[in-house]
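This report concerns only the one structure given below.
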Amino acid sequence: MTNHQDDQETDVTSGATVWLTGLPSAGKTTIAYELAGRLRAEGQQVEVLDGDEIREFISAGLGFSREDRHTNVQRIGFVAELLARNGVKVLVPVIAPYADSRDAVRKRHEANGTTYLEIHVATPVEVCSVRDVKGLYAKQAAGELTGLTGVDDPYEEPEAPDLRIESQNQTVQESAAAVHSLLTERGLA
Ligand SMILES: Nc1ncnc2c1ncn2[C@@H]1O[C@H](COP(=O)(O)OS(=O)(=O)O)[C@@H](OP(=O)(O)O)[C@H]1O
Ligand SMILES: Nc1ncnc2c1ncn2[C@@H]1O[C@H](COP(=O)(O)OP(=O)(O)O)[C@@H](O)[C@H]1O
């Protein structure tokens, strides 16, 4: 079997990168870990490249300027592609706010014949700022932080994601199931 997107047969050994892009508190991390559990239960090899963990290790020292975010996303894209081409389902809950950064990651995957799926976790900023899982929106409002994505820093919405999730209207399980259905449609689960 191949790992091309048009392969309709199920192949749990086919790798793929599933990038979950969206604002802070949109639900990227929660959906990634819920989906990871489901895929592992099916016998799939899964890794979650968590943005916070990456910034502690391979992107240590990078900040949140446009340039640093681009570098961060390219490093993650590089690691994701390496894993995905070796049969791993790589779930990437990382903001990746710039379209050109995401496009470069997609192109790296295409150049290697590795599947890349983009999921826009499209929770509105009004909902994210109420969730405020890490208190960043409150800090920005209090003037203790600047350059917060979606508030006073850009977020370029994906124009043609493989899937858009409105997490404000769904349970975590429903959101994870939607991504799982996409993988099934593509013969990857
Ligand atoms: N200024 C600013 N803007 C956006 N996010 C911020 C900022 N400062 C810290 N954080 C927290 O950093 C977490 C990881 O960010 P990422 O590596 O995913 O961002 S990026 O793709 O490089 O833009 C990101 O994690 P998530 O909340 O899970 O999205 C934020 O909580
Ligand atoms: N359908 C949903 N999908 C994902 N998260 C949801 C959903 N509904 C509510 N939430 C909640 O939203 C918050 C999202 O936080 P998190 O996953 O850390 O966001 P992010 O990784 O995008 O910053 C969590 O508290 C989660 O329980």
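Below, the figures for the structure above:
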{"read-out": "Three-way shape call for the stretch 16-184 based on the alpha-carbon gyration tensor, with the a/c threshold at 1.5", "value": "oblate"}
{"read-out": "Sequence ranges 54-60, 105-111, ranked by mean other-Cβ count within 10 angstrom, highest first", "value": "105-111, 54-60"}
{"read-out": "Nearest 10 degrees, 0 to 90: helix 172-185 Cα axis against the chain principal axis", "value": "40"}
{"read-out": "Val48 long-range amide H proximity, modeled H, under 5 Å", "value": "Leu91"}
{"read-out": "Under Karplus coefficients 6.51, -1.76 and 1.60, residue-wise ³J(HN,Hα) of the stretch 106-114 in Hz, glycine/proline x", "value": "4, 5, 4, 5, 4, 4, 9, x, 9"}
{"read-out": "Angle in degrees between helix 28-41 and the longest Cα principal axis of the chain, rounded to the nearest 10", "value": "20"}
{"read-out": "Dipole of the chain [Lys/Arg +1, Asp/Glu -1 at C-beta], most positive-end residue of Ala111, Gly187, Leu62", "value": "Leu62"}
{"read-out": "Choice from Ala84, Ala160, Ala122 showing the highest fluctuation, given a GNM over the chain with Cα pairs closer than 10 Å", "value": "Ala160"}
{"read-out": "Per residue accessible area in Å² of the chain, where ligands, DNA and RNA are left out and the probe is 1.4 Å", "value": "47"}
{"read-out": "Largest-first ordering by accessible area, 1.4 Å probe, given options Leu23, Leu145", "value": "Leu145, Leu23"}
{"read-out": "Carbon plus sulfur fraction of accessible area for the stretch 37-174, probe 1.4 Å, in percent", "value": "50"}
{"read-out": "Set of lysines near Lys134 by C-alpha distance (under 30 Å), chain-local residues within fewer than 8 positions excluded", "value": "Lys28, Lys89"}
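The values are calculated or read from the model by the stated rules, or taken from the named source; none is laboratory data. Because the structure is a prediction, the values reported are computed rather than measured. Please note: Cβ atoms are built from the backbone with ideal geometry, for glycine as well, and neighbour counts cover all protein chains shown. With ligands, DNA and RNA removed, areas are computed over all heavy atoms of the protein, side chains included. Shrake-Rupley method; radii C 1.70, N 1.55, O 1.52, S 1.80 Å.
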